[in-house]
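Computed from the coordinates by the stated procedures, all read-outs in this text should not be read as laboratory data. Just so we're clear, the structure is a prediction, and the values are computed from it rather than from any experiment. As a convention, Cβ positions derive from the backbone with ideal geometry for all residues, glycine included, and neighbour counts pool all protein chains shown.
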Amino acid sequence: MPTAIEETVELPKLSNDEIARYSRHLILPEVGMEGQQKLKAAKVLCVGTGGLGAPLALYLAAAGVGTIGLVDFDTVDASNLQRQIIHSTATVGKLKVDSAEIMLKGLNPTVKVIKHNTMLTSANALEILKDYDVIADGTDNFQTRYLVNDACVLLNKPNAYGSIFRFEGQASVFGTKEGPCYRCLYPEPPPPGLVPSCAEGGVLGILPGLVGVIQATETIKLILGIGEPLIGRLLLVDALGMSFRTLKLRKNPECPVCGPNPTVTELIDYDQFCGITPPSEVGPLEVARDKAVTDLPVVDGIPQISVQELKRKLDAKEDVFVLDVREPHEYKIVNLGAPLIPVGEIALRTAELADKKDSEIVVHCKSGARSQRAALALKQAGFTNVSNLTGGILAWADKIDPSLPKY
Ligand SMILES: [Zn+2]
């Protein structure tokens with residue numbers, strides 16, 4: 001099998017300290033001195049330093065991968081630490097790339113860490129990916145996943161892919177000449193909103209550890225050119241049943257990006273492809289949470305109301321009906337005492353709100369994204385005065401009642 005490191009490249013020598021550090025690798029014939037030198041020469045890009053990127057980057061650093069690139073635009077939040085073990089309590093609030101660098105350098109000071117503190121986009125992806133030998137996709141959204149896939153195919157770079165959802169994970173190696181790509185497996189993204197994010201649907205914290213380590217294993221195998229990589233195979237991990245299954249994947253001859261007659265020959269607009277409204281400074285989306293707390297006008301015909309304004313209305317005993325559209329287990333963590341109808345049940349349960357058709361209704365969720373969908377559903381069902389609480393119960397905890405827990 002081909003290795004990600006060209007044989008013609010002159011491999012860097014190991015120092016005596018490095019020989020001591022990697023001795024358990026050096027005595028493995030399948031790695032040996034040459035393999036360890038290949039690892040030192042290798043450049044791996046971790047897309048995302050979240051649940052998958054954390055164990056992935058840590059093990060790559062421990063193994064002696066010489067250059068590790070990190071792409072992330074986010075900052076560390078306390079709610080990340082249940083799974084993102086590359087960050088720590090001490091780095092909450094710091095940029096994730098800075099926080100991850102501290103941990104990687106602490107583990108292995110000889111590793112070169114290249115920080116890309118940016119959101120990966122069609123405009124910058126090829127430029128960022130082109131200098132790396134292997135790309136490890138640890139993203140948590142479909143737009144970036146298709147973007148990474150297409151960029152890897154266009155640049156002919158192997159993509160050690162992993163993804164997780166609640167108790168289940170997947171891993172494969174895409175983007176090689178001989179194997180299929182992510183689009184061969186999933187030609188179309190799911191309709192927006194159908195698959196909840198980890199922030200909405202939750203995830204068992206250990207699961208990304210399991211899958212991220214599989215991605216790290218595949219990455220190391222690709223660099224060394226040993227074993228059977230997951231090219232043309234999809235590994236399915238079920239943490240509850242603790243079962244691992246492998247599905248054979250075929251290259252799709254009609255694949256728009258890796259097929260013989262590609263129609264995607266450059267990077268496209270992946271937000272549009274996935275039917276997503278791109279996050280904006282003033283949007284009610286999850287990602288814009290911290291920026292969305294100012295008073296907002298109207299999004300998709302739904303007035304946006306700030307927590308301060310809602311507090312004023314409640315204090316003034318105005319006739320306003322507050323509706324919580326989160327899930328019952330979230331309600332148990334913290335609530336404002338408002339009635340609960342989960343967003344997925346809104347359309348079926350509007351009869352319960354029949355006497356509120358023309359009342360002022362303020363819908364809230366955790367951070368404002370689901371409640372926006374719920375408000376749209378209510379509006380479609382004929383409710384005339386529905387607004388969305390900007391920033392949700394998290395904003396309420398931030399601005400109005402700091403005694404409330406945040407999750
Ligand atoms: Zn393909």
Beta bridge orientation in the chain: antiparallel %, DSSP, nearest 5: 40 percent
With +1 assigned to the C-beta of every Lys and Arg and -1 to the C-beta of every Asp and Glu, and no other charges, what is the dipole magnitude of the stretch 16-273 about the Cα centre in debye, to the nearest 20? 580 debye
Loop by DSSP (not H, G, I, E, B), at most 13 other beta-carbon atoms within 10 Å: where is the longest site-free stretch of the chain for GluC sites (Glu not before Pro)? 31-177
Return the calculated 222 nm mean residue ellipticity for the chain, to the nearest 500 deg cm²/dmol, obtained by summing -39500 (n - 2.57) across DSSP H runs with n ≥ 4 and dividing by the residue count. -8500 deg cm²/dmol
Specify, per residue and in Å³, the volume enclosed by the convex hull of the alpha carbon atoms belonging to the stretch 1-90. 128 Å³
Please report the spacing between the Cα centers of the stretch 97-176 and the stretch 197-238 in Å, no decimals. 13 Å
What FRET efficiency would be calculated for the residue pair residue 27, residue 243, taking the C-beta separation as r and a Förster radius of 45 Å, to the nearest 0.05? 0.85
FRET efficiency, 1/(1 + (r/R0)^6) with R0 41 Å, evaluated for residue 118 and residue 358 via beta carbons: 0.30
For peptides 77-88, 232-243, sequence by mean Cβ density within 10 Å, most packed first: 77-88, 232-243
For the chain, with +1 on Lys and Arg beta carbons and -1 on Asp and Glu, the positive-most of 231, 333, 31 along the dipole: 31
Any chance you could give the angle, 0 to 90 degrees and rounded to 10, that helix 207-224 forms with the longest Cα principal axis of the chain? 30 degrees
Would you calculate the convex hull of the Cα atoms in the stretch 18-172 and tell me its volume per residue in Å³? 118 Å³
Rounded to a whole number, the Stokes-Einstein D of the stretch 299-407 in µm²/s (Kirkwood radius over Cα pairs; 20 °C; 1.002 mPa s) is 157 µm²/s
Rounded D (µm²/s) - the stretch 108-169, Kirkwood Rh over Cα pairs, Stokes-Einstein at 4 °C, 1.567 mPa s: 101 µm²/s
Specify the angular offset, from 0 to 90 degrees and rounded to the nearest 10, of the alpha carbon long axis of helix 32-41 from the longest principal axis of the alpha carbons in the chain. 50 degrees
Report the calculated FRET efficiency for residue 298 and residue 78 (r = Cβ-Cβ distance, R0 = 35 Å), to the nearest 0.05. 0.60
Additional length obtainable on full extension of the chain from residue 252 to residue 266, 0.36 nm per residue less Cα span: 3.2 nm
What is the ratio of the Cα radius of gyration of the chain to 2.2 N^0.38 Å, where N is its residue count, to two decimals? 1.10
Taking Cα atoms, the helix 369-380 axis meets the longest principal axis of the chain at an angle in degrees (rounded to 10) of 50 degrees
Estimated vicinal HN-Hα couplings, Hz - the stretch 107-120 in sequence order (Karplus 6.51, -1.76, 1.60; Gly, Pro = x): 6, 8, x, 7, 6, 8, 10, 10, 9, 10, 7, 7, 7, 5
